[in-house]
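Enquirer: Structure below; questions to follow.
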Amino acid sequence: MSKQKDINFYTRDDGIIVFEFYTMDKSAADHFAAIIKASATNVPEKLRVLYDFQHSPPPTRYFLKIQSELYNAFPHPDDEKSAYVTGVWNNEVWIRIVRSYIVPHDVMKVFRSQDDAIVWLLE
């Protein structure tokens, strides 16, 4: 039995960091946390991050808890933008709810496609 990948993480040639989520359960939250914690000492002055949730069901409570903790603990540069790509699962709703509970350190926008999100991140 093969295990489905929960996160795909990579950095594009233009410097945009991409997280593609296929699930948002405990396993995905723990993998996401490990990636974020490993990169916290190497944050560029200009940070562009694309979070793609279009292939994932809504998050578990554990995932939401970890995401908020990571965001608040992460060092944020002055020039930071985050794009969130949502899909048919209405992930835009929980993105806005979670973001309402944190003190924002970045500019954020929600999109329906990676292409649109990338255009905005590169502006």
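Enquirer: Restricting attention to region 21-57, report how many residues are touching an Asp or Glu at 6+ places or on another chain (Cβ under 6 Å), within 18 Å of Q114 (Cβ to Cβ) and not aromatic (F, W, Y).
Expert: Counting residues in region 21-57 that are touching an Asp or Glu at 6+ places or on another chain (Cβ under 6 Å), within 18 Å of Q114 (Cβ to Cβ) and not aromatic (F, W, Y) gives 2.
Enquirer: Out of region 96-123, which residues are closer than 23 Å to P75 by Cβ, crowded, with 16+ Cβ neighbours inside 10 Å and either of a type in the set (S, T, N, Q) or at pLDDT below 75 (or both)?
Expert: V98, R99
Enquirer: Name every residue in region 32-51 that is out of contact with any helix residue (DSSP H, G or I) (no Cβ under 6 Å at 6 or more places or on another chain) and not aliphatic (A, V, I, L, M), in order of residue number.
Expert: F32, K37, S39, T41, N42, P44, E45, K46, Y51
Enquirer: Going by the conditions given, is P44 at pLDDT below 95 and buried (at least 18 other Cβ atoms within 10 Å of the Cβ)?
Expert: no
Enquirer: Another question about this same structure. Just to be sure before I move on: is V107 touching a Leu at 6+ places or on another chain (Cβ under 9 Å) and of a type in the set (A, V, I, L, M, F, W, C) in the structure I sent?
Expert: In short, no.
Enquirer: Looking only at region 77-90, which residues are more than 12 Å from the chain's Cα centre (by Cα) and either modelled with pLDDT under 85 or surrounded by 15 or more Cβ atoms within 10 Å (Cβ to Cβ) (or both)?
Expert: Within region 77-90, E80, G87, V88, W89, N90 meet the criteria.
Enquirer: Still on this structure, I have one more. Hey, can you tell me all the residues within region 47-62 that are of a type in the set (D, E, K, R) and either at pLDDT 90 or above or in a loop (DSSP other than H, G, I, E, B) (or both)?
Expert: Selection gives R48, D52.
Enquirer: Still on this structure, please answer the following. Kindly indicate whether any position in region 25-46 is of a type in the set (D, E) and under 13 Å from the mean Cα position of the chain (by Cα).
Expert: no
Enquirer: Which one of I7, I16 is at pLDDT 95 or above, within 23 Å of D116 (Cα to Cα), crowded, with 18+ Cβ neighbours inside 10 Å and out of contact with any Phe, Trp or Tyr (no Cβ under 8 Å at 6 or more places or on another chain)?
Expert: I16
Enquirer: To continue, here is another question. Within region 1-46, which residues are in a helix (DSSP H, G or I), farther than 22 Å from P75 by Cα and not hydroxyl-bearing (S, T, Y)?
Expert: Residue satisfying the conditions is K26 alone.
The values are calculated or read from the model by the stated rules, or taken from the named source; none is laboratory data. Owing to the predicted nature of the structure, the values given are computational and were not obtained by experimental measurement. Glycine gets a Cβ as well: all are built from the backbone with ideal geometry, and neighbour counts include every protein chain shown.
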